[in-house]
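Values in this text are rule-based calculations from the coordinates and carry no lab data. Source: prediction; values computed, not measured. With ideal geometry, Cβ positions are generated from the backbone for all residues, glycine too; neighbour counts draw on all protein chains shown.
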Amino acid sequence: VSLLFLPYGRQTIEDDDIEAVVDALRSDLLTTGPRVAEFESAFSAKVGAAHAVACSSGTAALHLAALALGLGPGDAVIVPSVTFLATANSVRCVGAEVVFADVDPETGLMGPSHLEEALSRLCDARARAVFPVHLNGQPVEMESISDIAERNGLAIVEDACHALGGTYRNTSIGACANSTMACFSTHPVKAIATGEGGLVTTNDPRFAKSLRTLRNHGITREPSEFANRKLAFADDGCANPWYYEMHHPGLNYRLSDINCALGVSQLAKLDRFLDRRRALADLYDCLLARLAPVVRPLSRVAWGHSGWHLYVVRIDFESIGIDRAAVIARLRSAEIGTQVHYLPLHHQPYYLERYGQLSLSGADLYYSGVLSLPFFSSMTEEDVERVVDALFTLIDKH
Ligand SMILES: Cc1ncc(COP(=O)(O)O)c(C=O)c1O
C-alpha cells in the first residue's frame, strides 16, 4: 500500500470554495472590487475589531503596520527571537532597528521579563514599539506586555499570523484589546487560506485609513485632502475626475477579489476548522502520552486558547540517541513531513552581523527540542495514529 504523504500543514479547500473563486473570476472586477470590503468586514466582525485591512500577505501586513506607525531610522522595535523572518524584517525594511527578546523555553512565547530585559539592551535607538508573536497560535500574556509597553511609550503590533481563531482571556486575538494593530496571514498552511494574503486589524480609524492608503501607493482620491488646489479642481470648484494625490509613498499591497472570494468562503468555516484542529491536538496529546517524557507536547498557556496553527512537540533527542535531522529523515521515508519552527532569528547571518552574538538561552533551548508534526483540518484520526506509531517505532529502536 503506498501511503499518502502527510505534510506538516496544508489548506483545506472544498467545492464551495472553488465555486466562490469561479464566481469572482466571472465577475467584472478581479481586483479593487466588492469582495475586498466583503472579506474585510467579515474578518473584522469575526475577530471583533472595528477595522480590518486586507493586503497581499502577512509580511505585507507587518510592513504596512510598521509604515503606519511611522517607524524609521533611529527607532527600535522589540521582537522575540523565535518567530518567522517577516516579523523582524518588516522592522528593518522601514529602517528601524530590531532588539531581539528571549522567550519561554517551554512555549516559545515572549513574556514580560523577556521584554524588560530586551529594553535594558537598547543602545542609541529609541524604543518605539513591540511586536509580540502568538507563536504556534498560543497567545502571549498581553496584559503584562501592555503594562510595560505603556510605561515605556511603546506601540504594540501583534504578530497574529499563527493565531486566527485564538483567544486571549475573553477576547479574540485580533480584537486589539491590548494593542494598536494585529497582523494576520492567510497563507495555505494557516487557519484559513487565500493563496497568499494578509490582514491588519485595528480599532483606530486613523490607522485603518493610513493602512488603506499605504497598501495602494499612498494614493488619496479624497478632495478635502488635496494639497494642490489649482491642479485638483476645475473652475466650477469640482474635483477633476482623473485626479489623485500622493502625500506619502506607499506600495501595491492590495489583495485581489479572487483571493478575497476565497477568504470569505474560508472564513465561514473557521470555527469548524478550528474544532477539528483542536480535536486532532487532543488526540495527539493523548496518543503521545506513551512516549513521555522523551516526547512532550508543548505546554499550553493558562490565559487563553490557541488558534492551533501548528502542533509542536519537544523531543529529548539526546536521550533517544538520534538527532533531529535523522528523526526528520526517517519520518520523511515513512511519508511524514515535519518542520522546525524556527531557527532563532538572532542566529541568522544578517542579524548576527548587524547585532553581534546574543545570549538568548530560552530561545536556544526552545529551538533545540521542537518539531512540528503534520497538522491540518482534513487529517484523519488514522493519520495522527500513523505519525505517533512512526515516532514510537523509531524511538523504540533506539
Ligand atoms: C509568525 C509569522 N509572521 C509573519 C508571517 C508572514 O506571513 P506571510 O507568509 O503571509 O507573508 C508568517 C508566515 O509564515 C509567520 O509565521
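Structure summary
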quantity	calculated
Alpha-carbon spread of segment 84-127, three principal axes, descending order, Å	32, 24, 10
Against the rule of thumb 2.2 N^0.38 Å, how large the Cα Rg of segment 107-206 comes out	1.10
Ranked list, fewest to most other Cβ atoms within 10 Å of each Cβ, for 5, 233	5, 233
With Cα atoms, 0 to 90° folded angle of helix 270-288 axis to the chain main axis	20 degrees
Kirkwood hydrodynamic radius of segment 1-108, Cα pairs, Å	17.6 Å
Computed FRET value (nearest 0.05) for residue 394 with residue 354, which takes r as the C-beta separation and R₀ as 41 Å	0.55
Ranked 366, 355, criterion: other C-beta atoms within 10 Å, fewest first	355, 366
Between 0 and 90°, nearest 10: helix 15-26 axis offset from the chain longest Cα axis	30 degrees
Linear extension gain, residue 144 paired with residue 361, 0.36 nm per residue minus alpha-carbon span	76.0 nm
Alpha-carbon gyration tensor eigenvalues x 5, square-rooted, for segment 282-338, Å	23, 14, 11
Lysine pairs with alpha-carbon atoms under 22 Å apart, the chain, spacing 8 or more or separate chains	4
Interchain or long-range residues, amide H under 5 Å from residue 127's placed H	76
Using θ = phi - 60° and Karplus 6.51 cos²θ - 1.76 cosθ + 1.60, couplings along segment 101-113 (whole Hz; Gly, Pro as x)	9, 6, 9, 5, x, 7, 10, x, 9, 6, x, x, 5
Phi to ³J(HN,Hα) by Karplus 6.51 cos²θ - 1.76 cosθ + 1.60 over segment 365-377, Hz, x for Gly, Pro	5, 4, 4, 5, x, 8, 8, 8, 8, x, 7, 7, 5
Calculated over segment 350-398: convex hull of Cα atoms, volume per residue (Å³)	142 Å³
Convex hull volume of segment 163-317 per residue (C-alpha atoms, cubic angstrom)	158 Å³
Model label zone, residue 122; criterion: amide N under 14 Å from point 7 Å along Cα-to-beta-carbon; scope segment 142-173	148-156
In order through segment 118-127: 3J(HN,Hα) via Karplus (6.51 cos²θ - 1.76 cosθ + 1.60), integer Hz, x for Gly, Pro	5, 5, 6, 9, 5, 9, 7, 6, 9, 6
Residues in segment 243-265 that a label on residue 25 would reach, taking backbone N under 16 Å of a point 7 Å out along Cα→Cβ	256-263
Highest average packing first - 182-189, 261-268, 205-212, Cβ atoms within 10 Å	182-189, 261-268, 205-212
Degrees, to the nearest 10: 205-214 long Cα axis against longest axis of the chain	90 degrees
Amide H within-cut-off set for residue 50, under 5 Å, with H built and near neighbours excluded	202, 203
Percent RCO, i.e. relative contact order, over the chain, from Cα pairs under 8 Å lying at least 6 residues apart	23 percent
Long-range Cα-Cα pairs in the chain (distance over 30 Å), rounded percent	44 percent
For segment 147-250, alpha-carbon Rg relative to the globular expectation (2.2 N^0.38 Å, N residues)	1.45
